[in-house]
Protein chains: 2
Amino acid sequence: MGIAERKIRQREEFRASILEAAWQQVISDGWQSLSIRKIADAIEYSIPVIYNHFENKEAILLEFTKEGFQKLADTLQTVKDQYTVPAEQLEAMAHAYWDFAFDHKEYYQLMFGLGIPACDRVNEIEELKNATSVMISTIKTAIEESSHPETDYFLKYHTYLSILHGLVSIQMIQKEGKPDAAKKMILQDAISGFIISINRK
Amino acid sequence: MGIAERKIRQREEFRASILEAAWQQVISDGWQSLSIRKIADAIEYSIPVIYNHFENKEAILLEFTKEGFQKLADTLQTVKDQYTVPAEQLEAMAHAYWDFAFDHKEYYQLMFGLGIPACDRVNEIEELKNATSVMISTIKTAIEESSHPETDYFLKYHTYLSILHGLVSIQMIQKEGKPDAAKKMILQDAISGFIISINRK
DNA sequence: TACTTTTGTTAACACCGTTAACAAAAGTAA
DNA sequence: TTACTTTTGTTAACGGTGTTAACAAAAGTA
């Protein structure tokens, strides 16, 4: 009897249509404003049917998170396969990672839990400049005293901050509480590499 | 007449008590679950009074964001002043930055818009492992072929990912749309530094 | 005392995620 | 075809959210 098969297929299609409607909302208004009600409205069904296919709203978002990680994995693998020297692979993968993030911004934000408050207004925060200026001035001095004083200090500042923020936020996503000393070795490793890159370019 | 002065002072105190109540909620339940109603309940006033002092909920959170950046700035400055050599300053500031982030997790998450979905469940995502394994295997090979094959590849993987994620997320916070080629130079700079640090330690 | 301004309240609007209770449709067995 | 069971869908509600309009009360001013 093909009835069971058809039912499974229909269920799968229904599930896909929910995800489709949800994704439309995510890419048009960001994942923050995704709502079960709007999904129900889009697929022209009542609200509770969605709960027949997904445990809750988070489960729907989790689906996209998984999708995103898989897409990233595929992208990285494809790029990697185009090179043989590991250093070239790492460099190409880095650019691919970057491109993926901005070509699929919605995925990336979901994957790493990004984007909440006044992200577009962050540049207006005066206190932010206080923090940046401390870092920038230090880097500027470090560069001036180095063997390559012509180095772009603003670029180096961005690198410095990015390394720090990257380390911290990755760590925060993965673990609760303050990480142990072993985790701080990653910081030590990255930052000493950065300092070396300034002192002798 | 000191009446005007007293009124200003009382207004300021009221404002502070709102922030105090709000902050209590943020540190106990995370900024996600901060609500105007709970603030009103805590200060034992009706809801609309809060809107006499803050335009909206976001404005309250923005206040903490500013506070956070100022605290970070002060911390960095204090640490910097304890050293004279720029390289030492940068290193000390990096550790201070790290400590600040985890000692004031709530601030940090607000400042950089961190933490939304199943952050605690991110390790259960199978697709994530697909992405990481591509990167890890490449780094492993790179290290094996380098002059220091005993290097901890897991540490280097974390460094690699952190640099990438840091670059991307900082860029995403600050700007809309895909950043220009000039911004990608930061990526190039950081990643070539990383590769160098692997090839000759 | 009469008037104005500030401050606070109640009550509502328009959303949200989630679920219980129930109706309708679909499938199954006689 | 009929009687029963299971699946699927609905309505309506619960408890929560940010925000605001309309109004009362208190405080300050003349």
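The values are calculated or read from the model by the stated rules, or taken from the named source; none is laboratory data. Every value quoted in this text rests on a predicted model; they were computed, and no experiment measured them. All Cβ positions, even for glycine, are placed from backbone atoms using ideal geometry, and neighbour counts span all protein chains on display.
The table for this structure:
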quantity: Residue among B:50, B:27, B:18 that is part of a helix (DSSP H, G or I), near DNA strand D (Cβ under 8 Å from one of its atoms) and in contact (Cβ under 8 Å) with a residue 24 or more places away in the chain; calculated: B:50
quantity: Count of residues meeting criterion [part of a helix (DSSP H, G or I) and either touching a Phe, Trp or Tyr at 6+ places or on another chain (Cβ under 8 Å) or near DNA strand D (Cβ under 10 Å from one of its atoms) (or both)] in segment A:37-47; calculated: 4
quantity: Candidates A:97, A:107, filtered to the one that is surrounded by 20 or more Cβ atoms within 10 Å (Cβ to Cβ) and over 19 Å from residue B:157 (Cα atoms); calculated: A:107
quantity: Identity of the residue in segment B:32-51, over 10 Å from residue B:22 (Cβ atoms) and among the aliphatic types (A, V, I, L, M), that ends up farthest from DNA strand C (Cβ to nearest atom); calculated: B:40
quantity: Conditions (1) surrounded by fewer than 20 Cβ atoms within 10 Å (Cβ to Cβ); (2) among the β-branched types (Val, Ile, Thr); (3) modelled with pLDDT of 95 or more: number failed by residue B:85; calculated: (3)
quantity: Odd one out for residue A:23, checked against (1) within 14 Å of DNA strand C (Cβ to nearest atom); (2) away from chain B (no Cβ under 14 Å); (3) surrounded by 13 or more Cβ atoms within 10 Å (Cβ to Cβ); calculated: (1)
quantity: Selection within segment A:64-106 - in contact (Cβ under 8 Å) with a residue 40 or more places away in the chain and touching a Lys or Arg at 6+ places or on another chain (Cβ under 9 Å); calculated: A:69
quantity: Selection from segment A:142-201 of residues that are charged (D, E, K, R) and assigned to a helix (DSSP H, G or I); calculated: A:144, A:156, A:183, A:184, A:189
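One line per residue, one yes/no per condition, for (1) facing chain B (nearest Cβ under 7 Å); (2) of a type in the set (D, E, K, R):
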position: A:58; (1), (2): yes, yes
position: A:61; (1), (2): yes, no
position: A:68; (1), (2): no, no
position: A:75; (1), (2): no, no
position: A:78; (1), (2): no, no
position: A:81; (1), (2): no, yes
position: A:93; (1), (2): yes, no
position: A:107; (1), (2): no, no
position: A:112; (1), (2): yes, no
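Quick grid of which residues meet (1) within 14 Å of the chain's Cα centre (by Cα); (2) over 30 Å from residue B:197 (Cα atoms); (3) not basic (Lys, Arg):
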site	(1), (2), (3)
A:39	no, yes, yes
A:51	no, yes, yes
A:55	no, yes, yes
A:67	yes, yes, yes
A:77	no, no, yes
A:85	no, no, yes
A:96	yes, no, yes
A:115	yes, yes, yes
